[in-house]
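First up is the structure itself, then whatever we jot down about it.
The values are calculated or read from the model by the stated rules, or taken from the named source; none is laboratory data. Because the structure is a prediction, the values reported are computed rather than measured. Neighbour counts run over all protein chains shown; Cβ positions are idealised from the backbone, glycine included. The area values use the complete protein model at the heavy-atom level, side chains included, leaving out ligands, DNA and RNA. Shrake-Rupley method; radii C 1.70, N 1.55, O 1.52, S 1.80 Å.
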Amino acid sequence: MESEDDMHDANDIESLDDFYSGETEDAPLDYYSDYDDDADDYFDEADRIESRRPEQNFTILKESDIQQRQEDDVARVATVLSISRVFASILLRYHNWSVSRVHDAWFADEEGVRKAVGLLEKPIVQHDNTRELTCGICFENYPRARIEMASCGHPYCISCWEGYISTSISDGPGCLMLRCPDPTCGAAVGQDMISLLKSDEDKQKYTRYLLRSYVEDNKKSKWCPAPGCEYAVTFDVGSGGNYDVSCLCSYSFCWNCTEEAHRPVDCGTVAKWILKNSAESENMNWILANSKPCPKCKRPIEKNQGCMHMTCTPPCKFEFCWLCLGVWSDHGERTGGFYACNRYEAAKQEGVYDDTERRREMAKNSLERYTHYYERWASNQSSRQKALADLQQMQTVHIEKLSDIQCQPESQLKFITEAWLQIIECRRVLKWTYAYGFYLPEHEHAKKQFFEYLQGEAESGLERLHQCAEKELQPFLCADDASREFNDFRTKLAGLTSVTRNYFENLVRALENGLCDVDSNGASFSKATSSKNGAGSSKGKSGRVKATFRTNSMSSRMNDDSHWCCEHCTYANVRSATTCQMCYQHRR
């Protein structure tokens, strides 16, 4: 028989089910009553919620955008410092493309900067108006027209320059900081010398290195880590703690660690989780939990049949008892037969196997716990990949087909695409909540219980949205003509999308804040679930516990006068709030 607390826990889950589905005693078939009661108010509230969301703190750059920014920075430095664009480009590369750093360093110590970078004000070697000069590499005499010099004045023939520059480009991006071939000279070789090359391939390589250096050397920009993506991202680091970036290639990643976007989990937890998923420690845990070493050769053996009589594989072929690891020839009917071992039981009572069994039991429990979280993490990842494929098919095939059937422009069907995008994002968040839960300290019972409650409700709400977008859309795709029920479907799907988005955004914020409400409210979830005894409940025809009990029970959950509990999601809000900070429903 269920305890009274368990029954009230079920009541709470049913009440939150009503929050997502909109089912009430008066209108059991109204899937989204809170939305349908006053659609205008709902959208006004959704607009206010949208306005409170943080602005995008990153910019996606195409190759043309990168080139334009690079040219603008070069032109700005050249204008302010009254130097050539070639020299401005060298200065910016030296200072990692930071215009402010170039200006600060230049005006603080122009002579020191020139010396460090290799920008000479006058040549080191002076040449008279001679018709021929000797190349410093091949030592051949050439006419002045066949000789080129950097700012230092060291003369080299065009052929030697080509070989020197081409070799440097082949060596990699280091060619961007090329110096004079003379070992004693530090004069910089600028981009104007690259034009001496006859090879278009080398020129393209140099241009590519220069473009990539603008992103890779700049602390405010990075390349998108998705395979094959050539977009770059600039990020405003000082715009809060959200490091998630969504590239135009549809890949989302964390700016801080460049792993897949992982809010609400921090980068350190993600690194530990990824390492654990790929580490050999889990293999060792499995071996320790599911096998025993052969007493003779020490190789691990898995028991795959019911009998306790074990035979090691060749060449060992040692026969032993699985329980006590003793020689099998010493066993028989007097020791318990094939399925028991009196020696093991006696030795276990004497404490002989305590340490070994304890280690094996700990390994088994650890493995089972990890498997629990990993399977759900991987399951949501798989569902997310499937949703991505479904979204692609929706955008390329189904939207156009649905537009023809329902006689509506594709612009009015964006709510379907938005629903699938929200499903994909929520699957990602839900996936990482399992990594969050795995590393949640076991001794924080109230916080763990509250987290699992929020996680369960988030999963339940997401499943409703996913089912609506996937299953309930199918009849309209298979219909022969327009249906009046399509507008009801639009209302339901748009409403579920909005509520699910709001719930997950608040879930992310709560987890990022370390579930501080549990601490500040004295384990509010425990209080909430233990103070339900005064609440009444009634059952409808379907046997489900309806939401009629909520008004009294929810209001009695807080012992102080500084908070009020939302009737829809049980979130504890500050007294001054008129709208729930979790589900954005108005206070009643």
Scanning for something open to solvent by less than 30 Å² (accessible area, probe 1.4 Å), without any contact (Cβ under 8 Å) to a residue 60 or more places away in the chain and not aliphatic (A, V, I, L, M), does segment 195-203 turn up at least one residue?
yes
Restricting segment 438-464 to residues that are under 21 Å from the mean Cα position of the chain (by Cα) and over 18 Å from residue 499 (Cα atoms), the residue that is surrounded by the most Cβ atoms within 10 Å (Cβ to Cβ)
451
Filter segment 133-148 down to the residues that are closer than 19 Å to residue 186 by Cα and open to solvent by 60 Å² or more (accessible area, probe 1.4 Å) and list them by number.
137
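Give me the residue from segment 169-192 that is in contact with a helix residue (DSSP H, G or I) (Cβ under 6 Å, 6 or more places away or on another chain) and open to solvent by less than 20 Å² (accessible area, probe 1.4 Å) and, out of that set, farthest from residue 86 (Cα to Cα). First the steps, then the outcome.
So the first thing to find is which residues in segment 169-192 are in contact with a helix residue (DSSP H, G or I) (Cβ under 6 Å, 6 or more places away or on another chain), and the list is 169, 173, 175-176, 178, 181, 188, 190-192.
Next, from what is left, pick out any that are open to solvent by less than 20 Å² (accessible area, probe 1.4 Å): 169, 175-176, 178, 188, 190.
On the way: 169: 18, 175: 15, 176: 12, 178: 13, 188: 10, 190: 6 Å.
This residue is 169.
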Could you please let me know if residue 387 is under 30 Å from residue 468 (Cα atoms), modelled with pLDDT of 80 or more and surrounded by fewer than 17 Cβ atoms within 10 Å (Cβ to Cβ)?
no
Just to be sure I understand, how many residues within segment 66-87 are within 38 Å of the chain's Cα centre (by Cα) and in contact (Cβ under 8 Å) with a residue 12 or more places away in the chain?
9
